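Worksheet for the structure shown next.
The values are calculated or read from the model by the stated rules, or taken from the named source; none is laboratory data. As the structure is a computational prediction, the values presented were derived from the model and not from experiment. Backbone-built Cβ (ideal geometry, glycine too); neighbour counts: all protein chains shown. For accessibility, only protein heavy atoms count, side chains too; no ligands or nucleic acids. Shrake-Rupley method; radii C 1.70, N 1.55, O 1.52, S 1.80 Å.
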Amino acid sequence: MRHFLPLTATLLLVACASAPPPPEWQSQSFSAIKSYTAAYLSGNTRVAEVEFERAKAEVARTGRPDLMARIELLRCATQVASLVMNPCAGYRAVAQDAAPAEQAYASFIAGRWDTLQAAQLPMHYHALVTQTQAQVGQTAKPEQDANAPNQNKLNQIEDPLARLVAAGALIQTRPLSTTDINLAVETASGQGWRRPLLAWLGVQLKRHQTIGKAEAAAGIQRRIDLVSQKN
């Protein structure tokens, strides 16, 4: 689970961090969120939904809508990593009580970067947002060769889940380069995350079909078929 803890810790339940043991609601909600994230990324929707409801029930014990906003945002971010771009309805219900950092993160994962202040985001997103904002007006080159240098800072985000969230947010603002699509695919593949892997393989397949690389597209389709197999 270590791979997604940095993202979780950035968003979730840090209000009670101190020397004494954390309150029971905090440890239980943190455990539930970890289980939710692992289940969702593996494609186990039923378990993911159960674990998220457990996390919400624990946070509700505090009577703090600002903390509920954090876990709702984490759910939406995990979905964005898998290219599920549904409106973040759970967050919207408590958005008026969200802190500025959570409001900025909501804009980030929704791809609303025009007026976003990068300093309000987790540090690993600062360079990417700043660079992307500076590139506004430049012509994107989605056909960029996979071996060309990255156009942005995605590859500098070390945490795998944070990187996929950034890729899902970025693709809402501009076409991704082939290099960055490949990076997202291999990030999900390296972690064994079935749901985002299938989503990003679909993007990769469409890109290679668009640029007429039939042989590469056939290889991607074989990967999709393998990941899609039911045990």
Looking across the range 176-208 at residues that are of a type outside the set (A, V, I, L, M) and closer than 21 Å to Ala118 by Cβ, the single one that is nearest to the chain's Cα centre (by Cα) is Asp180
Scanning the range 193-207 for residues that are within 16 Å of Ala166 (Cβ to Cβ) and of a type in the set (A, V, I, L, M, F, W, C), the one least open to solvent (accessible area, probe 1.4 Å) turns out to be Trp200
Considering residues that are surrounded by fewer than 20 Cβ atoms within 10 Å (Cβ to Cβ) and either part of a loop (DSSP other than H, G, I, E, B) or of a type in the set (Gly, Ala, Ser) (or both), the number found within the range 73-94 is 9
- Message: When you scan the range 52-69, do you find a residue that is open to solvent by 50 Å² or more (accessible area, probe 1.4 Å) and within 30 Å of Glu186 (Cα to Cα), even just one?
- Response: no
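Specify which of the listed residues (Asp97, Asp114) is touching a Pro at 6+ places or on another chain (Cβ under 6 Å) and open to solvent by 30 Å² or more (accessible area, probe 1.4 Å). If you could, list the steps in order and put the result at the bottom.
On the way: Asp114 fails: touching a Pro at 6+ places or on another chain (Cβ under 6 Å).
Step by step, each of Asp97, Asp114 is checked, and only Asp97 is touching a Pro at 6+ places or on another chain (Cβ under 6 Å) and open to solvent by 30 Å² or more (accessible area, probe 1.4 Å).
Taking only the range 39-51 into account, find how many residues are more than 16 Å from Val84 (Cα to Cα) and either crowded, with 17+ Cβ neighbours inside 10 Å or not charged (D, E, K, R) (or both). Outline the logic, then answer.
Looking only at the range 39-51, we keep the residues that are more than 16 Å from Val84 (Cα to Cα), and these are 46-47, 50-51.
When the remaining residues are screened for being either crowded, with 17+ Cβ neighbours inside 10 Å or not charged (D, E, K, R) (or both), the result is 47, 50-51.
Count: 3.
Look at Val50 and say whether it is touching a helix residue (DSSP H, G or I) at 6+ places or on another chain (Cβ under 9 Å) and in a helix (DSSP H, G or I).
Working: touching a helix residue (DSSP H, G or I) at 6+ places or on another chain (Cβ under 9 Å): yes; in a helix (DSSP H, G or I): yes.
Here the answer is yes, as Val50 does meet what is asked.
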